[in-house]
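One structure below.
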Amino acid sequence: MKFFSFLFLLFSFALFSQKNSNTQNLYKKFDSIVNLKNTSLPYGKVFTEKYRTQENNHQYFDVNQFVIGEVSYQNQAFFDVKIKYDINEDDLIVTVDTDFENYSIILEKAFVEKFKINTKTFINTNEFGYLEILFDSNEISFFKKNTKSKQKKEDKSFVYFKFSEKNQYYLNYKEVYYKITRKKDIHEILPNQKNNISSFYKLNKELMKNDIDKFYQLLSKTIVNNLKSN
């Protein structure tokens, strides 16, 4: 239904404006006209908060509030969508505005292809759920699995949950995902790069300690450059 309506809108826009030729802007205009509740995006179950937490502690990626993002869902692209990512349950949640109220739904994971929050892009994998892209190339790709573990706590007057980050990292090489916890893991995947990898670890100890995401991004770039030169 969206496809045919979208073709009609394309024709209408062309009559009065040539500035809306950009595909992304047209999709935004389309979604604002028909309202997200009339597209395939609201297909999912209604979201409700399950856990009581203390201030500044939560189970979501980055912030507790909904932020403006992008999502590819059921082979359709949606822009300027209010979303947040529950990294404890590995659920993507969106807010939908109706004529009477606002409500939030958990998108069906099987239909989510990828999404973007701020500058971070995530893909959906069958094996590991949602993974954040740290580095992507034809040779190798490196991913971060954002997760938080929960712990039940008891105060004098109520029970609450405390969430703590427990992230994991994966390297994709020749269509296979490998969990990375130490240098030896990468050696076993890329034995011909062992010396280069060891040298990188030795020269970037401080970076690994202070910014592990950046460390893996630069390591991936170094590996790719070495692979291309051989």
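The values are calculated or read from the model by the stated rules, or taken from the named source; none is laboratory data. This structure is a prediction, so every number in the text was calculated from the model and none was measured. Cβ atoms come from the backbone with ideal geometry, glycine included; neighbour counts cover every protein chain shown. Keep in mind that these areas ignore ligands, DNA and RNA; they rest on the heavy atoms of the full protein, side chains included. Shrake-Rupley method; radii C 1.70, N 1.55, O 1.52, S 1.80 Å.
Give the residues of region 128-150 that are of a type in the set (Asp, Glu) and open to solvent by 30 Å² or more (accessible area, probe 1.4 Å), sorted by residue number.
136, 139
Restricting the search to region 116-130, which residues are assigned to a strand (DSSP E or B) and of a type in the set (S, T, N, Q)?
Matches in region 116-130: 121, 124, 125.
Take the residues of region 184-230 that are not polar (S, T, N, Q) and not in a helix (DSSP H, G or I): which is surrounded by the most Cβ atoms within 10 Å (Cβ to Cβ)?
190
Residue check: is residue 84 of a type in the set (D, E, K, R) and either under 18 Å from residue 143 (Cα atoms) or open to solvent by 60 Å² or more (accessible area, probe 1.4 Å) (or both)?
Taking the combined requirement at face value, the residue does not satisfy it.
Strands (runs of 3 or more DSSP E) wholly in region 53-99 with at least 2 residues that are among the hydrophobic types (A, V, I, L, M, F, W, C), within 17 Å of residue 119 (Cβ to Cβ) and in contact with an Asp or Glu (Cβ under 9 Å, 6 or more places away or on another chain) - which ones?
The qualifying strands (runs of 3 or more DSSP E) are 67-73, 76-86.
In this structure, does residue 184 turn out to be within 30 Å of residue 60 (Cβ to Cβ) and of a type in the set (Lys, Arg)?
Judged against the criteria, residue 184 is not a match.
Just to check your reading of the model, which residue among 119, 181, 125 is out of contact with any strand residue (DSSP E or B) (no Cβ under 6 Å at 6 or more places or on another chain), within 30 Å of residue 81 (Cα to Cα) and surrounded by fewer than 17 Cβ atoms within 10 Å (Cβ to Cβ)?
119
For region 154-175, give me each residue that is open to solvent by 60 Å² or more (accessible area, probe 1.4 Å) and either part of a strand (DSSP E or B) or touching a His at 6+ places or on another chain (Cβ under 8 Å) (or both).
154, 159, 162, 165
Anything in region 179-230 that is of a type in the set (Lys, Arg) and in contact (Cβ under 8 Å) with a residue 12 or more places away in the chain? List them, or say none.
Residues satisfying the conditions are 183, 221, 228.
Among residues belonging to region 100-114 that are modelled with pLDDT of 90 or more and part of a strand (DSSP E or B), point out the one that is most open to solvent (accessible area, probe 1.4 Å).
Top of the filtered list is 114.
Yes or no, residue by residue, for (1) touching a residue at least 40 places away in the same chain (Cβ under 8 Å); (2) within 14 Å of the chain's Cα centre (by Cα):
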{"site": "80", "(1), (2)": "yes, no"}
{"site": "90", "(1), (2)": "yes, yes"}
{"site": "106", "(1), (2)": "yes, no"}
{"site": "124", "(1), (2)": "no, yes"}
{"site": "151", "(1), (2)": "no, no"}
{"site": "158", "(1), (2)": "yes, no"}
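Among (1) touching a strand residue (DSSP E or B) at 6+ places or on another chain (Cβ under 6 Å); (2) modelled with pLDDT under 90; (3) farther than 19 Å from residue 130 by Cβ, where does residue 51 come up short?
Among (1) touching a strand residue (DSSP E or B) at 6+ places or on another chain (Cβ under 6 Å); (2) modelled with pLDDT under 90; (3) farther than 19 Å from residue 130 by Cβ, residue 51 violates only (2).
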